[in-house]
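Here is the structure we will look at, set down as structure tokens.
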Amino acid sequence: MVKNGSLVANKQFETLMRKADIRSMSGIAVITSLVKPYMCPGTCVYCPTEYRMPKSYIASEPAAARSQQLNFDPYQLMQKRIEMLEGNGHPCDKIEYIIKGGTWNAYPLKYQYWYILESFKACNNFSRDVEVPSTGEDEWREKKLEDIQTALEEEQTFNETADYRIIGLTLETRPDAISPKTIHHMRRQGCTRIELGLQAPDDKILDLIQRGHSVQQFRDAITLLRQAGFKVDLHFMPDLPGSSPEHDVEMYKTLFTDLALRPDMVKIYPCAVIKSAELYQWLQDGRYTPYGEEGLFRALLQMKLETPRYCRISRLIRDIPSEEIEAGNKITNLREELEKELHKRGQVCVCLRCREIGRQQKLMSAEQLLADPEIVVETYETIGGTEYFITMEDAGHQAVYGFLRLRLPEKIGEKNEKLFEYMPEIRDVAFIRELHTYGQLVGIGKTEEGASQHTGLGSLLMKEAERIAKEQGYNKVAVISGVGVRGYYEKKHGYVKEGTYMVKTLS
Ligand SMILES: [Zn+2]
């Protein structure tokens, strides 16, 4: 009715009508699509293997169910999801797009490029007078890879100024699929973040569960990804065969003490036994017994306390309907229960997610909220470079209003040379791996009273990052920018597109 002019927009009413507010609390609408079922090189024992589902997914998970209903068609999935979210009052002008299912790099290259091409097209067609027709899965098979790549580039350029912009793209893969070449392709596809399943940093357990890669392979993959400026979201799985609550906590600690790991985000998915997984047999014949809810709760509580400020615990359990779980955690509100327990003990989780302003503001006084935030810079070492975690926080360091991840790479290793062969634009650059300001999602170009999205936080953080880079002897900065925010770096900060990155030479 607002659109057709029969009603005047009322912000207060819209806020009241907005369902599931949490989804856009971080300032961005998250849209998840699944790729079609395809072989996965893995043989992990805990992995659900359902007919007509990509490996590791269960048909009753919400995103999986939606994807199956639309026959894993990327175009339909994107359009329907935008319509649905907007119908529920969530603006979708900034989309964090997550593609899930199996191992991305195991899919044929043509399929990968086609899937992303159709996703961008679906967003762009909302802004077009004459729509570019969607192409089906059979049509792309006939086309040359270069043609699909060129079409994707055109859609990406259009998306820079479209109404629905893809500002970040997450792909899910395995460490043994990461190489300079696959990284290059994922950059061309617009990928900015990788989800990697480590599960357990212990070769004995990885062997036992038939994960098919070693901890060292994982360390190499995450290092290489970081050397290309990617953000890495790591999956950790407590309660696997061969572990115990104590051992899980010890392993979790190594995620942050091992200089090759130190992930930006972590998803903690306690092992759940699903009927279609091999682990179900193990459960039946006694080879595996989960360590029980009490042990799991205790371990997770400790993990929260071991998480450093730069890391975001983005998920704490997987969205598996409890009736599918034969054994393992069935508490669906585990996260809330853990928070309650920490609160009771007078302890806090300082992970990035828990400190986001959206979650902290109801705990803060008016004075705290009105006081000017300040910039805090924390550094930590990783293999191949130093990370600067720059945040804008309230004076009491309770809440984060926005943050930036700056990486200053050091030694040029052999693998880096290979990376530069594919992407010469990233030689000797300082990387801005992530820039994020929080607040209720505000339309691009609009301002709304009380919202923190467009109060210049981003610019302050960028200036600080460029200052540090220059001070440390770098004269070039590269942003691993999502397609939909290229324009922001260009217009607001003077960056230019070079290869697949936004680059600026510091004067
Ligand atoms: Zn936390």
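Elements of the type helices (runs of 4 or more DSSP H) sitting completely within region 127-206 and holding at least 1 residues that are in contact with a Cys (Cβ under 8 Å, 6 or more places away or on another chain): these cover 145-159.
Within region 468-484, residues that are touching a residue at least 40 places away in the same chain (Cβ under 8 Å) have Cβ atoms under 9 Å from residues that are of a type in the set (Gly, Ala, Ser) and open to solvent by 40 Å² or more (accessible area, probe 1.4 Å) in these pairs: 478/499, counting only partners at least 6 apart in sequence or on another chain. Counting only helices (runs of 4 or more DSSP H) wholly contained in region 240-320, the ones carrying 3 or more residues that are open to solvent by less than 10 Å² (accessible area, probe 1.4 Å) and either within 30 Å of residue 407 (Cα to Cα) or away from the ligand (no atom under 16 Å from the Cβ) (or both) occupy 245-257, 293-306. In region 209-223, the qualifying residues are those that are surrounded by fewer than 23 Cβ atoms within 10 Å (Cβ to Cβ) and touching a residue at least 40 places away in the same chain (Cβ under 8 Å), and the one that is nearest to residue 175 (Cα to Cα) is 217. Checking each residue of region 191-202 against the condition of being out of contact with any helix residue (DSSP H, G or I) (no Cβ under 9 Å at 6 or more places or on another chain), at negative phi and of a type outside the set (S, T, N, Q) gives at least one match.
Need a quick list: helices (runs of 4 or more DSSP H) entirely within region 330-413 having at least 2 residues that are within 16 Å of the ligand (Cβ to nearest atom) and open to solvent by 20 Å² or more (accessible area, probe 1.4 Å).
Values: elements: 334-345, 352-355, 357-360, 366-370.
Qualifying helices (runs of 4 or more DSSP H): 334-345, 357-360.
Reported count of residues in region 71-86, each being touching a Cys at 6+ places or on another chain (Cβ under 6 Å) and among the hydroxyl-bearing types (Ser, Thr, Tyr), is 0. With respect to the conditions (1) small (Gly, Ala, Ser); (2) open to solvent by 10 Å² or more (accessible area, probe 1.4 Å); (3) touching a Lys or Arg at 6+ places or on another chain (Cβ under 9 Å), residue 327 falls short on a single one, namely (3).
Residue 200 fulfils the conditions (1) surrounded by fewer than 18 Cβ atoms within 10 Å (Cβ to Cβ); (2) in contact with a Pro (Cβ under 9 Å, 6 or more places away or on another chain); (3) of a type in the set (Gly, Ala, Ser) except for a single criterion, (1). If you go through region 213-239 and pick out every residue that is assigned to a helix (DSSP H, G or I) and of a type outside the set (D, E, K, R), you end up with 10.
Within region 22-57, if we keep just the residues that are hydrophobic (A, V, I, L, M, F, W, C), at pLDDT below 70 and assigned to a loop (DSSP other than H, G, I, E, B), the residue that is least open to solvent (accessible area, probe 1.4 Å) turns out to be 53.
The values are calculated or read from the model by the stated rules, or taken from the named source; none is laboratory data. Quick caveat, the model's predicted, so the values are computed rather than measured. We place every Cβ from the backbone using ideal geometry, glycine too, and count neighbours over all the protein chains shown. The area values use the complete protein model at the heavy-atom level, side chains included, leaving out ligands, DNA and RNA. Shrake-Rupley method; radii C 1.70, N 1.55, O 1.52, S 1.80 Å.
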